[in-house]
Amino acid sequence: MKNELYDYWPIIKRPSLKWPDGAHVAFWLGVNIEHYLFGKPSLSLAANTAQFIPDPQNHAWRDYGTRVGVWRLVEALDKYSIRASVLLNSDVCSEYPEIIEAGTGRNWAWLAHGKNNSTLQVNMEASDERRYLEDVSATIGNATGRQPRGWLGPGLTETTNTPSILADLGFTYNCDWCCDDQPFPMNVGTKRFISVPYGLELNDITMFLGKSLSGEQFYQQVVDQLEALVEDGKGNGRVMCLALHPMIINQPFRQKYLDAALKLISEHDKVWLTTSDEIADWYLSNYYDEAVASISARHPVRPTTR
């Protein structure tokens, strides 16, 4: 099966991408705020109890993020004047309304992240998926006052129909396809729709649960990523996303390392501190048509996505 969702487009063959005010890197903080169904196995800290009902060890660990962790994160973001780009399960709107209130008051960006993080749309029929995504989008829009324009699937999962359905519903970008350091057009027919880079390895799940990094190692990985992308972005801008989950990164013993990372990023003079929505808007307004023309020249049989 061939991937028809996007075309091969090497970064060395692209038009030069410039960010506002001469920045080399557009940085966005991807904060996953999620709801997990009680009694259904999901992301776990302790695999040995994950199949139990109830599963106090893992369910309580996940609940820490919305009860305590996110509020520790809010304080840090306020300290460094950083707006979150929230990957939001729509169930959060009714389950944890104080989080929605806090974010709307701070002009956070809201991306749709499915209904909850225990439900995946993998193998959904297209008509069922469309109804599902319509409900997710409407719920978030009604709660936040802003219709979501970006998407990240729970567990970065989707179907081959997801991008086209999202574009039909008014979404303009997708973060599931982490194959690049820049935005790029996706093939969804006549709609203007792009991929925006998300943090797959620069992600606290990968770093702490997957690799068991220490706080010091987390900080150093952020430093290394930033330095490399600032250098790469001198002539052709890059995107850096730091993906976080409050039940992980905002544990007390990790907080000071996140604080140090946010301080470093917020004070860097070559970083555009922004949101995923603003990155997508900038690209669509300034580079999309040129990007489509460049891709079409390499793949002349590919119909334009304009």
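The values are calculated or read from the model by the stated rules, or taken from the named source; none is laboratory data. Predicted model, so just to flag it, every value in this text is computed and none were measured. Because the Cβ atoms are built from the backbone with ideal geometry, glycine has one as well, and the counts that use them run over all protein chains shown.
Can you tell me which condition Gln121 does not meet? The list is (1) assigned to a helix (DSSP H, G or I); (2) over 23 Å from Trp272 (Cβ atoms), and all the others hold.
Going through the list (1) assigned to a helix (DSSP H, G or I); (2) over 23 Å from Trp272 (Cβ atoms), Gln121 breaks only (1).
Please work out which residue is farthest from the chain's Cα centre (by Cα), limiting yourself to region 181-217 and to residues that are surrounded by fewer than 21 Cβ atoms within 10 Å (Cβ to Cβ) and assigned to a helix (DSSP H, G or I).
Glu216
Being in a strand (DSSP E or B) and free of Cβ contacts under 8 Å to residues at least 40 places away in the same chain is the filter here; which residues of region 159-180 pass it?
Passing the criteria: only Asn174.
Looking only at region 88-146, count every residue that is of a type in the set (Gly, Ala, Ser), out of contact with any Leu (no Cβ under 6 Å at 6 or more places or on another chain), surrounded by 17 or more Cβ atoms within 10 Å (Cβ to Cβ) and more than 22 Å from Cys241 (Cβ to Cβ) and tell me the total.
Total meeting the criteria: 2.
I'd like the residue in region 138-152 that is small (Gly, Ala, Ser) and either in a helix (DSSP H, G or I) or touching a Pro at 6+ places or on another chain (Cβ under 6 Å) (or both) and, out of all such residues, is farthest from Arg106 (Cα to Cα).
Out of the qualifying residues, it is Ala138.
For Arg146, only one of the following conditions fails: (1) closer than 17 Å to Phe193 by Cα; (2) over 16 Å from the mean Cα position of the chain (by Cα); (3) not aliphatic (A, V, I, L, M). What is its number?
Only one criterion is unmet by Arg146, namely (1).
Inside region 233-252, can you point out the residues that are touching a helix residue (DSSP H, G or I) at 6+ places or on another chain (Cβ under 7 Å) and assigned to a helix (DSSP H, G or I)?
Within region 233-252, Pro246, Met247, Ile248, Ile249 meet the criteria.
Looking at Asn58, is it among the polar types (S, T, N, Q), modelled with pLDDT of 95 or more and either surrounded by 15 or more Cβ atoms within 10 Å (Cβ to Cβ) or within 23 Å of Asn116 (Cβ to Cβ) (or both)?
Considered against the rule, which asks whether it is among the polar types (S, T, N, Q), modelled with pLDDT of 95 or more and either surrounded by 15 or more Cβ atoms within 10 Å (Cβ to Cβ) or within 23 Å of Asn116 (Cβ to Cβ) (or both), Asn58 comes out as no.
Do we find that Asp7 is farther than 25 Å from Trp110 by Cβ and modelled with pLDDT of 95 or more in this structure? Step through it out loud before you land on a result.
Numbers: farther than 25 Å from Trp110 by Cβ: yes; modelled with pLDDT of 95 or more: yes.
Yes.
Going by the structure shown, is Gly155 surrounded by fewer than 24 Cβ atoms within 10 Å (Cβ to Cβ), farther than 19 Å from Ser296 by Cβ and touching a strand residue (DSSP E or B) at 6+ places or on another chain (Cβ under 8 Å)?
no
Given the conditions (1) part of a helix (DSSP H, G or I); (2) of a type outside the set (A, V, I, L, M); (3) at pLDDT 95 or above, and given that Ser296 satisfies all but one, which numbered condition is not satisfied?
Going through (1) part of a helix (DSSP H, G or I); (2) of a type outside the set (A, V, I, L, M); (3) at pLDDT 95 or above one by one, Ser296 breaks only (3).
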